[in-house]
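The values are calculated or read from the model by the stated rules, or taken from the named source; none is laboratory data. Given the structure is predicted, the values throughout are model-derived calculations rather than measurements. We place every Cβ from the backbone using ideal geometry, glycine too, and count neighbours over all the protein chains shown. Side chains included, ligands, DNA and RNA excluded: accessible areas come from the protein's heavy atoms. Shrake-Rupley method; radii C 1.70, N 1.55, O 1.52, S 1.80 Å.
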Amino acid sequence: MSSTKERVGCVVLPGDVLTCGSELPEGKRDKLICGPGLRRDVDDVVVCKSGILRHKEPNLYWVDSQQTRYVPAKGEGVIGIVTAKSGDVFKVDIGGSELATLSYLAFEGATKRNRPNVQVGDLVYSQLIIANKDMEPELVCIDSCGRANGMGVFGAGGLLFKVSLGLVRKLLLPQSEVIQDLDSMFPFEMVVGMNGRIWVKSRSTQQTLIVANLLESCEHMTTAQRRDVLRRLSQNCL
Amino acid sequence: MVCLPLDAGAHKFRHMADRRLREFGCEQNLLSRPDGSASFVQGDTTVVVGIYGPAEVKVSKESYDRATLEVILKPKVGLPGVAERSREQFIRETCEAALLTALHPRTSIVLILQVIHDDGSLLSCCLNSACMAAMDAGLNMRCLFCGVTCAIDLDGNIILDPTAKQEKESRAVLTFAIDSVERQVMMSSTKGAFTTAEFHQSIAICQKAAESIFQFYRDSVGRRYSKS
Amino acid sequence: MKETPLSNCERLFLLQAIAEKKRVDGRQTFDYRNIKITFGTDYGCCIVELGKTKVLAQVSCELVAPKSNRPTEGVLFFNLELSPMASPSFEPGRHSELLVKLNRLLERCFRNSKCIDTESLCVVSGEKVWQIRVDLHLLNHDGNIMDAASIAAITALCHFRRPDVSVIGEEVTVYSVDERDPVPLCIHHMPICVSFSFFQQGTFLLVDPNEREEKVMDGLLVIAMNKHREICTIQSSGGIMLLKEQVLRCSQIAGVKVTEITELIQKALENDKKIRKEGGKFGFAESLPNQRITAFKIEGAPVNTSEVEETVEEITHNTVPPTEIVPSPILWASGTAQIGEGVLNTWEVEEPHESEEADDKSMEEEEEVSTTPRHERKETVILSDSEEEEVIILNPDKTEKKFQKQASNLHEDTASGSRKKKKKKPSQLVK
């Protein structure tokens, strides 16, 4: 385990072996939870994506990699675009390899007679309840208690754009610096989907465009560069 | 390149004073539409690769337990011919062995390679750029792979990473795909006549050369993630 | 593959922003995106980047017979390919409407405008002329393929050098690059396409639409012009009605844009010429943007192969020599020999008396089965048209014994196989 801890924060490549389970004696073996980018190969933990190895106490390891393509995973909140209505379900494009299904009953207050008002081309923020490699993904717009909890159809007046998955994860951190910096500029509404799609809306078209462009470009900027850009922008706008 | 036949009696193999790989460079994520893209430059040979996947697949081509891998190699001038098809097969077989396709059943992974300039060692340049593109797309891989080409000239010297001129003047050209975990040969493609001994020597030399290429992969990925 | 569909909110927002004269990437209505031109090591090869749209162009030439109705003119051939790399919706091998439209527009823009002097491409009238072939590959689609393609094509044509030719009487000599310097093409003028996208029923226009704007536009107007303000081609598509003043205004804007772009191309060509003359490094390898974090370059790496001997010994030691399945050609009769066992027939033609369960049979059963046909062979020589049947040997009496002995060897050697395989093997012999 010590060798793995040493490599936290370093770049790892596919094929790198992190631990050799056979080397450690029986008593000393700890439990190690493999996150995305790591897999178990008999007794070893092998890296399968290139990126930086991260660690969270007590024993969770994962690889932070930059990626654009979304692979559906259960429990994630995603922004989908409704592409078709067929019978009782909506077919929603979430950016994965298959279209996901969303039953019309999976909305708050929806019954067989009271259908939700969803048109083809609408944006829907929903959660994946079934998402594995063998089945078609399924979405719902209600949580386990039957409440919408922020999910459902949305989107009038805002702009949708696509970013990499790494940036989305950075934005969804509890104390995201990017959000805090942007907050100080001007108020705006934002919906972040784990499939790399972001929707923003601000008071005017100009402001919405500024926020959108900033978010797209702050992927490759360091904190200092971002603050610098924001400062210049706020001086120009005010 | 100078040939130094040391003690011809004792040594079966001819030595080269030093073998060099040409200068190489790569750029990742240079195209905005594909999920992963990379361009690899070896001397003057340049190849650009775009990769899409795991994406939707036609029902006729889908596979219930793995991702369907498709490779398209486009030459610069003219329509693709038999040579391109055979290279596509080599690349496809190497990628199938390296990518974890069982994690994405009923999807397709499409690799499109465009030859920008061919100055020798084309197949190995294609393999290298395919590996970098797969890394850029974040596809799950079992191991990395790299391509190395060597040519055996009329005197029996083994030249590493030959240019087009050197390839034309040599009697055999061999390309190997080597994996990163155990440095084993994943794929070999040869053209011309050579002895078994020369074959083994080429493999050993290419395995050595693969070390530098894997180190290059590590350095370039390290540079890419240096800001986060 | 399907592309991500455009959602209603995106469409509405884009149209609203355009109504307020704002573009998503912050450009003005008549602004072009950044154009970047890089040249390759070969003459006639260049990559043009218009924002994120990327096109590769390569010019090549060949001596061919001219067209019968134009014996003194060379041939120009343009081919634009939408690589599947450029967009997930471009499928290989399928000719979409877009492809046909773009190719046709390219031909009209370059061939019909006579920008290249085809008479100068004639070598021997009626017999040999130069065919200039321009191959364009779209590498990334972010809107406005036409403009990028036309810039790439004309830049590549200006950059290209054809081999020098001399005709002395009946003899035609083509000089290689080492013998005589290659000669540039004779180009009269440089037509460049400028695209205008229309919105709000033709009342509002944008220059150089990017991919999203192309999705929501009402119609497209393409004007191909050169810097002398001559219109080479004009095409309007999408079914919008344009006012005369609109079209005139567009042509004026196009004139300004074309002058700017032509200057850019000239500068790039000059730079490249200077670098080549000074002997500096040129080509795509040089243009790799080293400052970018996603790019990395190293100089040639020496490979230390002095310890290679031990690895070679190890490999040689570990390799297992292939089993000698095929000893040497077996001579049946003079003129008839067999090498190997033939190729497995993969046509999977079902023989009526054979079934798939034959695959599971063990070796002993197969040998048992094969003894009966051997018996039959002693009595009769079966002649048949089908390729799957028994072998027809020219001198059956002399060599039959040999064949039976050999057949047993063949049975032992093959590791596995169904009855089907056994029958079809020997049929490869006599043809």
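Please determine, by comparing only the residues of segment C:317-341 that are surrounded by 15 or more Cβ atoms within 10 Å (Cβ to Cβ) and at pLDDT 70 or above, which one is nearest to B:M135 (Cα to Cα).
The extreme case among them is C:Q338.
Could you run through segment B:195-210 and say how many residues are under 21 Å from B:C126 (Cα atoms) and touching a residue at least 24 places away in the same chain (Cβ under 8 Å)?
Final tally of qualifying residues: 7.
Residues in segment C:169-192: is at least one touching a residue at least 40 places away in the same chain (Cβ under 8 Å) and among the polar types (S, T, N, Q)? Spell out how you get there, then give the answer.
Going residue by residue through segment C:169-192, those that are touching a residue at least 40 places away in the same chain (Cβ under 8 Å) are C:172, C:174, C:182, C:185-192.
If we keep only those that are among the polar types (S, T, N, Q) as well, we get none.
Scanning segment C:169-192 turns up no residue that is touching a residue at least 40 places away in the same chain (Cβ under 8 Å) and among the polar types (S, T, N, Q).
Residue-by-condition table, conditions (1) open to solvent by 60 Å² or more (accessible area, probe 1.4 Å); (2) at pLDDT 90 or above; (3) of a type in the set (A, V, I, L, M, F, W, C); (4) over 17 Å from B:R20 (Cβ atoms):
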{"position": "B:K165", "(1), (2), (3), (4)": "yes, yes, no, no"}
{"position": "B:F176", "(1), (2), (3), (4)": "no, yes, yes, yes"}
{"position": "B:M186", "(1), (2), (3), (4)": "no, yes, yes, yes"}
{"position": "B:D219", "(1), (2), (3), (4)": "yes, yes, no, yes"}
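Based on what the data block shows, is B:R106 over 22 Å from C:R94 (Cβ atoms) and more than 19 Å from the chain's Cα centre (by Cα)?
It is true that B:R106 is over 22 Å from C:R94 (Cβ atoms) and more than 19 Å from the chain's Cα centre (by Cα).
Starting from residues that are at the interface with chain C (Cβ under 9 Å from one of its Cβ atoms) and not in a loop (DSSP other than H, G, I, E, B), keep the ones in segment B:52-69 and report whichever is nearest to the chain's Cα centre (by Cα).
B:Y52
Is there any pair with a first residue in segment A:113-141 that is free of Cβ contacts under 8 Å to residues at least 12 places away in the same chain and of a type in the set (D, E) and a second that is open to solvent by 10 Å² or more (accessible area, probe 1.4 Å) and assigned to a strand (DSSP E or B) whose Cβ atoms are under 7 Å apart and which are 6 or more apart or on different chains, and what are they?
none
Any residue at all in segment B:106-121 that's acidic (D, E), within 9 Å of another protein chain (Cβ to nearest Cβ) and open to solvent by 10 Å² or more (accessible area, probe 1.4 Å)? Show your work before the answer.
If we filter segment B:106-121 for residues that are acidic (D, E), which is where we start, we get B:118-119.
Still in the running and within 9 Å of another protein chain (Cβ to nearest Cβ): B:119.
Subset that is open to solvent by 10 Å² or more (accessible area, probe 1.4 Å): B:119.
Yes, segment B:106-121 contains a residue that is acidic (D, E), within 9 Å of another protein chain (Cβ to nearest Cβ) and open to solvent by 10 Å² or more (accessible area, probe 1.4 Å).
Within segment C:192-249, considering only strands (runs of 3 or more DSSP E) that don't extend past its boundaries, which have at least 3 residues that are open to solvent by 50 Å² or more (accessible area, probe 1.4 Å)?
C:231-237
In segment A:102-115, which residue that is under 13 Å from A:C141 (Cα atoms) and in a loop (DSSP other than H, G, I, E, B) is most open to solvent (accessible area, probe 1.4 Å)?
Selected residue: A:E108.
All but one of (1) open to solvent by 50 Å² or more (accessible area, probe 1.4 Å); (2) part of a helix (DSSP H, G or I) hold for C:C109; which doesn't?
So the condition that C:C109 fails would be (1).
Assuming C:G26 fulfils every condition listed in (1) in a loop (DSSP other than H, G, I, E, B); (2) free of Cβ contacts under 8 Å to residues at least 40 places away in the same chain; (3) more than 10 Å from every other protein chain (Cβ to nearest Cβ) apart from one, which condition is it?
Condition (3) is where C:G26 drops out.
State whether the residues of segment A:45-54 include one that is at pLDDT 90 or above, within 30 Å of A:V118 (Cα to Cα) and within 11 Å of chain B (Cβ to nearest Cβ).
No, there is no match, as no residue in segment A:45-54 is at pLDDT 90 or above, within 30 Å of A:V118 (Cα to Cα) and within 11 Å of chain B (Cβ to nearest Cβ).
Can you tell me which of A:E219, A:E189 is at pLDDT below 85 and either within 11 Å of another protein chain (Cβ to nearest Cβ) or open to solvent by 40 Å² or more (accessible area, probe 1.4 Å) (or both)?
None of the other options fit; the residue is A:E219.
When you check A:L99 against the structure, is it within 13 Å of chain C (Cβ to nearest Cβ), within 30 Å of A:K49 (Cβ to Cβ) and open to solvent by 40 Å² or more (accessible area, probe 1.4 Å), yes or no?
Yes.
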